[in-house]
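Below is one structure; the comments refer to it alone.
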Amino acid sequence: MYPALRHGKADPLPALAVQYADYAVWQQSWMSGERLQHQAAYWRQTLDGAPTLLTLPTDRPRPAQQDFAGASLAVRLDGQLTAGLRALAQRQGVTLYMTLMTAWGALLARLSGQAEVVIGSPIAGRGRAELEGLIGL
């Protein structure tokens, strides 16, 4: 896109079927009133009794007040392992992401000694095909 615009050519990207403002209106409608109450009730019931703290062994004490500070660690899996994981996912009829999250949950359960762990996962929220090219979600 940049080279085209730099040379005075037309924007090569296809026109969007919807704009972000359209999505914002849909989301506002969806996340208000009875729907919001229904969703909140569902998640309260689903997560009722779920552990609020993962008791992992740590090399230093936890802070007195949870601060939500974190970090990330990039891990690169070699091609052979990745191919094996993809094959496992395909045999189980799930995505590679689901397979990796299952392994992550099993590792956290083993390290913490807890039978149940809660893992949060961000989602794109793109339930409609015309939202795929939209920036901002």
query = How big is the convex hull of the Cα atoms of the chain, per residue, in Å³?
reply = 247 Å³
key: Cα pair count fraction exceeding 15 Å, expressed as % - the stretch 75-117   = 49 percent
message = Let's test this: bin the Cα-Cα distances of the stretch 44-99 at 10 Å from zero up to the farthest pair and state each bin's percent.
response = 16, 25, 30, 27, 3
key: Candidates per chymotrypsin sites (Phe, Trp or Tyr not before Pro) in the stretch 1-99, loop by DSSP, up to 13 other Cβ within 10 Å   = F68
query = In whole Å, how far is the Cα centre of the stretch 98-128 from that of the stretch 1-34?
reply = 32 Å
ask   = Rounded to a whole number, what is D in µm²/s for the stretch 62-137 from Stokes-Einstein with the Kirkwood radius over alpha-carbon pairs (10 °C, 1.306 mPa s)?
value = 100 µm²/s
inquiry  = As I understand it, the value is the acute angle between the Cα axis of helix 79-92 and the longest principal axis of the Cα atoms of the chain; what does it come to in degrees, rounded to 10?
reply    = 90 degrees
query = Mean residue ellipticity at 222 nm from the helices of the chain, using -39,500 (n - 2.57) per DSSP H segment of n ≥ 4 over the full residue count, to the nearest 500 deg cm²/dmol?
reply = -14000 deg cm²/dmol
message = Counting pairwise Cα distances across the stretch 24-68, what percent come out greater than 17 angstrom?
response = 59 percent
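Read-outs throughout are calculated quantities, based only on the coordinates presented, and are distinct from any laboratory measurement. On a predicted model such as this, the values are computed, not experimentally measured, just so you know. Cβ: placed from backbone, ideal geometry, glycine included. Neighbour counts: every protein chain shown.
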